[in-house]
Amino acid sequence: MAANKKNGTNTHQAGAPSNAQWGGRFAGGPAAIMQDINASIGFDKALWRQDIAGSLAHAAMLAKTGIISAGDEAQIRKGLTDIAAEIEAGTFDFSTALEDIHMNIEARLSERIGEAGKRLHTARSRNDQVATDFRLWVRDAIDGLDAQVTALLNTLCTRALEHAATPMPGFTHLQTAQPVTFGHHLLAYVEMLARDRGRLSDARRRLNESPLGAAALAGTSFPIDRDMTARALGFDRPTANSLDSVSDRDFALEYLSALSIMAMHLSRLAEEIVIWCSAPFSFIRLSDAFTTGSSIMPQKRNPDAAELIRAKGGRITGALVGLLMVMKGLPLAYAKDMQEDKEPVFAATDAAALSLAAMDGMIRDLSVNAQQMRAYAGAGFSTATDLADWLVRVLKLPFRTAHHVTGRLVGKAEARGIDLSQLSLEDMQAEEAGITKEIFDVLTVDASLASRTSFGGTAPDNVRAQATRWLEALSSTTPRSAEGEKA
């Protein structure tokens, strides 16, 4: 039987012996196609750390409750530790005939330590075993992504503080609306990603219950201590219903939902980077580190990293939809359909981690064309609202009246191909006699920005305060992956 010693998978022929772990129930071997569709070791070997951690906790509990002897538990512990070392070294032979990571490790354990290894599966099933392993894996993934989101938040806040007073056009409908600052724009994504971090944290809190001990679906007649295994694995408590314990994948769906929303946010920022890099805008420039060239056009600098982040949002959302479709028609409790739960979660996690890393790199890397941003910030009659606000504030006009006066003045300036600030005082007084020369003080980009002092507004002082507040908050928050929490 061929085997790849570097964490490969053994291949099998039709008519090969049946899985020895099944004992006497099946005398004949499965057809090759059955092996292919049934085996999950090709992807679920990613759960090996979690599987060994769960088995160690289970064995310790079995010994403490007297279900197995202390000697058997010691042998199991030593055997599992040695198996972990084999997998780390790349010398473990993963067998397709043994179907999944659970059977592979258990079979190898029995090879190494004999009868004691065969006692490990007492009072548990693969159903509660995989549910436990998968929760542990998702929990670890959340902790890793939390660290990445925190790093990106720090980068965005740092760049926002740097550009707290750098004007840029604010858009609605991708049409020039009012001046904002580049720092204010970046802080909008800080708010989004902070909510994403909160959703991941909420998902982690809800998943942090241990299914171990639910067995196949009905619990077990052995006097197990589920609180002990839950504590050992860092769970808050054991799950309360054995049927739900083995059939639930809400934790994976909630995780994918949080990733999908985060991917949408990253995609929006990626789209803006693509726009800002384009020649008609030229607001920012990315270095060679995050761009590629063209095979035919030597002048091209393509923002491929941003475009790929934009595309990976589809992959992540697709994973969510795919798992929802797997789960939607399943009766309780476990069904083999649920073997399809892991690949989309693994793939979505990889895509999210890569997207976060690439976005963090781009935000650090980009250089800002402040002169171009300022020019566009004042274009398109972007200070028209400031004119209307002045009419309300100084002349006490009703806002709707001020809006109409301003609209007529915009029309007059547009007809002449000039900006509002280039109209004469006489032009303005022709529409509203009470206008004075002070009106021109509010028609500059800097005056517009400085006036937006309401909480959450774009005034540079506001932006500095918000960026500083976020940086202080982030500095006092330790990402979960750095807390040293172990399963």
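Note on the chain: antiparallel DSSP beta bridges, both residues inside, total approximately 70 percent of the bridges counted.
With helices defined as uninterrupted DSSP H runs, which ones in the chain have an alpha carbon span along their own long axis of at least 20 Å and mean Kyte-Doolittle hydropathy of at least -1.0?
Values: long enough: 48-64 (24 Å, 0.14); 70-89 (29 Å, -0.23); 126-162 (54 Å, -0.08); 182-207 (38 Å, -0.52); 250-277 (40 Å, 0.95); 304-327 (35 Å, 0.89); 342-365 (34 Å, 0.40); 399-416 (26 Å, -0.51); 460-475 (22 Å, -0.61).
Passing helices, by number: 48-64, 70-89, 126-162, 182-207, 250-277, 304-327, 342-365, 399-416, 460-475.
Under the simplified labelling scheme, the residue 93-residue 177 pair shows an inter-label distance of 6.4 nm, with each label point 7 Å from Cα along Cα→Cβ.
The label point for residue 289 and the one for residue 396, both projected 7 Å from the Cα toward the Cβ, are 5.9 nm apart.
With the cut-off at 1.5 for a/c, could you classify region 32-119 from its C-alpha gyration tensor as rounded, prolate or oblate? Display every interim value, and only then the final one.
Working: a/c = 2.16, a/b = 1.84, b/c = 1.18.
Prolate, since a/c reaches 1.5 and a/b exceeds b/c.
Amide H to amide H, with H built 1.01 Å from N, residue 170 comes under 5 Å of 177, 178, 180, counting only residues 5 or more places away or on other chains.
Using only C-alpha atoms and all pairs of different ones, pull out the Kirkwood radius for the chain in Å with one decimal.
Details: mean 1/r = 0.0375 Å⁻¹.
About 26.7 Å, per the Kirkwood formula over Cα pairs.
Summary of packing: across the peptides 88-96, 413-421, the per-residue average of other C-beta atoms within 10 Å ranks them, highest first, as 88-96, 413-421. If the label point is 7 Å along Cα→Cβ of residue 425, which residues in region 359-392 have backbone nitrogen under 20 Å from it? Residues passing the 20 Å test: 387-392. A cut-off of 5 Å between modelled amide H atoms, ignoring neighbours fewer than 5 places along the same chain, links residue 292 with 302, 304. Note on residue 335 and residue 195: with the Förster distance fixed at 30 Å, the Cβ-Cβ geometry gives a FRET efficiency of about 0.30. Enumerate the residues in region 252-280 having an amide nitrogen under 12 Å from the point lying 7 Å beyond the Cα of residue 379 toward its Cβ. Under cut-off, by backbone N: 279-280. Taking label points 7 Å from Cα along the Cα-to-Cβ direction, residue 353 and residue 415 give a separation of 6.4 nm.
Readers should treat all values here as calculations from the given coordinates under stated rules, not as data from a laboratory. These figures come from a predicted structure and were not determined experimentally. A quick note on method: Cβ atoms are made from the backbone with ideal geometry, for glycine too, and the neighbour counts reach across all protein chains shown.
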